[in-house]
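K.L.:
Before we start, here is the structure in question, set down as structure tokens.
The values are calculated or read from the model by the stated rules, or taken from the named source; none is laboratory data. These numbers come from a predicted model, not from an experiment. Glycine also receives a Cβ, built like all others from the backbone with ideal geometry; neighbour counts cover every protein chain displayed.
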């Protein structure tokens with residue numbers, strides 16, 4: 001834990017007001033703003049997937065809240081006077097809710113990218129951008145003094161697991177539905193032949 005405290009201290013030591021503002025904006029992508037942007041991107045072509053992402057977001061936040069209240073880890077600025085709360089946060093620290101949320105959204109965005117007919121290069125750029133944004137949101141939580149590194153890593157993992165489980169269920173039922181449609185088409189096609 002000494003490393004985590006020193007890491008936050010190091011990150012905050014050279015922060016200007018401009019950089020604080022940049023990280024305060026970046027951190028918003030792990031909240032409702034990020035959800036709205038992600039929803040709009042996915043909803044254009046995959047409405048059910050977009051709605052399921054909202055479910056994943058809400059579920060991730062609810063599970064995160066429960067874990068926070070079980071672990072009860074104080075935030076860094078509460079335990080160390082030299083760490084400044086630039087994020088305006090309260091409550092418990094472990095795991096990071098913003099990291100959890102952005103990770104869940106990232107999993108859905110990546111799944112969306114690879115289920116669309118975009119060019120391979122566009123998909124790879126989208127993947128890199130999505131992962132980079134998720135990591136930047138997590139990093140912003142540390143810079144703003146509201147989370148430790150382990151809070152962020154566990155939050156990222158938590159969100160990815162929740163979203164992946166929901167996507168597996170979604171893909172299973174979409175696959176099953178498509179098989180049923182194919183059977184119906186074959187059945188009705190057979191009727192036309194008679």
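K.L.:
Could you tell me which residue of segment 20-41 is surrounded by the most Cβ atoms within 10 Å (Cβ to Cβ), considering only residues that are more than 14 Å from the chain's Cα centre (by Cα) and in contact (Cβ under 8 Å) with a residue 24 or more places away in the chain? Don't jump to the end; show me each part of the working.
P.N.:
Step one: filter segment 20-41 for residues more than 14 Å from the chain's Cα centre (by Cα), giving 20-25, 40-41.
Pick out the ones that are also in contact (Cβ under 8 Å) with a residue 24 or more places away in the chain and you get 20, 23-24, 41.
On the way: 20: 16, 23: 21, 24: 15, 41: 18.
So the residue we want is 23.
K.L.:
Right, something else. Exactly one of (1) in a helix (DSSP H, G or I); (2) in contact with a helix residue (DSSP H, G or I) (Cβ under 7 Å, 6 or more places away or on another chain) is unmet by residue 94. Its number?
P.N.:
With (1) in a helix (DSSP H, G or I); (2) in contact with a helix residue (DSSP H, G or I) (Cβ under 7 Å, 6 or more places away or on another chain) applied to residue 94, the lone miss is (1).
K.L.:
Among the residues of segment 161-179, is any closer than 23 Å to residue 4 by Cβ, within 12 Å of the chain's Cα centre (by Cα) and in a helix (DSSP H, G or I)?
P.N.:
Scanning segment 161-179, I find at least one residue that is closer than 23 Å to residue 4 by Cβ, within 12 Å of the chain's Cα centre (by Cα) and in a helix (DSSP H, G or I), so the answer is yes.
K.L.:
Checking residue 104 against (1) in contact with a helix residue (DSSP H, G or I) (Cβ under 9 Å, 6 or more places away or on another chain); (2) surrounded by 14 or more Cβ atoms within 10 Å (Cβ to Cβ); (3) modelled with pLDDT under 95, only one condition comes out false. Which one?
P.N.:
Of (1) in contact with a helix residue (DSSP H, G or I) (Cβ under 9 Å, 6 or more places away or on another chain); (2) surrounded by 14 or more Cβ atoms within 10 Å (Cβ to Cβ); (3) modelled with pLDDT under 95, only one is false for residue 104: (3).
K.L.:
Could you list, in sequence order, the residues of segment 42-68 that are exposed (fewer than 12 other Cβ atoms within 10 Å of the Cβ) and at pLDDT below 95?
P.N.:
Residues satisfying the conditions are 44, 47.
K.L.:
Going residue by residue through segment 118-125, is there one that turns out to be closer than 26 Å to residue 23 by Cβ, outside any loop (DSSP other than H, G, I, E, B) and within 21 Å of the chain's Cα centre (by Cα)?
P.N.:
If we filter segment 118-125 for residues that are closer than 26 Å to residue 23 by Cβ, which is where we start, we get 125.
In the following step, the residues that additionally are outside any loop (DSSP other than H, G, I, E, B) were identified as 125.
Right, trim to within 21 Å of the chain's Cα centre (by Cα) and you get 125.
Scanning segment 118-125, I find at least one residue that is closer than 26 Å to residue 23 by Cβ, outside any loop (DSSP other than H, G, I, E, B) and within 21 Å of the chain's Cα centre (by Cα), so the answer is yes.
K.L.:
Let me ask something else about it. For segment 170-192, does any single residue satisfy the condition of being within 22 Å of residue 31 (Cβ to Cβ) and buried (at least 16 other Cβ atoms within 10 Å of the Cβ)?
P.N.:
Step one: of segment 170-192, the residues within 22 Å of residue 31 (Cβ to Cβ) are none.
No, there is no match, as no residue in segment 170-192 is within 22 Å of residue 31 (Cβ to Cβ) and buried (at least 16 other Cβ atoms within 10 Å of the Cβ).
K.L.:
List every residue pair whose Cβ atoms sit under 8 Å apart, with the two residues 6 or more apart in sequence or on different chains, where the first one lies in segment 102-131 and is in contact (Cβ under 8 Å) with a residue 40 or more places away in the chain and the second, anywhere, is exposed (fewer than 14 other Cβ atoms within 10 Å of the Cβ).
P.N.:
Matching pairs, first to second residue: 112/45; 116/45.
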